[in-house]
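Take a look at the structure below.
Where a number appears in this text, it was derived from the coordinates with a stated rule and is not lab data. This one's a predicted model, so the numbers in the text were calculated from it and none came from an experiment. Virtual Cβ from ideal backbone geometry, glycine too; neighbours counted across all protein chains shown.
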Amino acid sequence: MSPSTQLPPWKNVLAVIAHPDDESFGLGGVIDAFTRQGSTVTVLCLTKGEASTLGASPDLAETRARELDAAARELGAASTVLLNFPDGGLADSSQDELAARVASEARGIDGFLVFDRTGITGHPDHVTATGVAVDVAEERGLPVLAWTLSEDIASTLRAETGAPFAGSSSDIVLTVDRSRQPGGPGECPLATT
């Protein structure tokens, strides 16, 4: 069976991410595609990204909060919610508390948008954010779309970066307009979970 090339017609989408910049990394093209089809997208970010060593400064959390809002607006998202779980420590956080916070933001949505279960890069925060969203979705009987990489692309990225990128199969291969997202036009594979 060939993958679909269409997003589901969800009116309200909750994108659950671990860090500011995850909304743009991979998910940006999909968020843009949802908003272009008329969906309302809320971006729920679980950490302030304060542990990043890139551009580290005393006010990094505040800078990243502003960047999250600006990027989400550029992608057409209706709103952002920024929580204060520890960057780099989601797996050690109370999973019940994480799930409660995700569930409270999931009222009235038609589906979730997340990274795939590998976290794409293997980052434990990405894996945890996705796992919590998928658990909440299963409890509520809601669908989940997960951004994934093909094994070919993951293999290339592993070779180029040394990072543990993971590939998997997809159910939807969406051609996206990345004019609002760095990287230009391209395809974005998604999997239903």
Check: What is the pair-distance distribution P(r) of the range 83-165, computed from all Cα-Cα distances in 5 Å bins starting at 0, with each bin given as a whole percent?
Finding: 3, 15, 23, 21, 17, 11, 8, 3, 0
Notebook entry, point to check: Taking R0 as 25 Å, what's the FRET efficiency between ARG140 and GLU97 from their Cβ-Cβ distance, rounded to 0.05?
Noted result: 0.90
Checklist line | Kirkwood estimate for the range 4-96, i.e. one over the average of 1/r between Cα atoms, Å | finding: 13.8 Å
Notebook entry, point to check: Taking N as the number of residues in the range 55-99, what value does Rg over Cα atoms divided by 2.2 N^0.38 Å take?
Noted result: 1.37
Note to self: Could you tell me the calculated FRET efficiency between ARG36 and SER155, based on Cβ-Cβ distance and R0 = 41 angstrom, to the nearest 0.05?
What the structure shows: 0.85
Next item on the list: Can you tell me the order of 130-139, 39-48 when each peptide is scored by its average per-residue count of other Cβ atoms within 10 angstrom, highest first?
Entry: 39-48, 130-139
Check: Starting at 0 and stepping by 5 Å, how many percent of the alpha carbon pairs of the range 91-130 end up in each bin?
Finding: 6, 22, 25, 25, 17, 5, 0
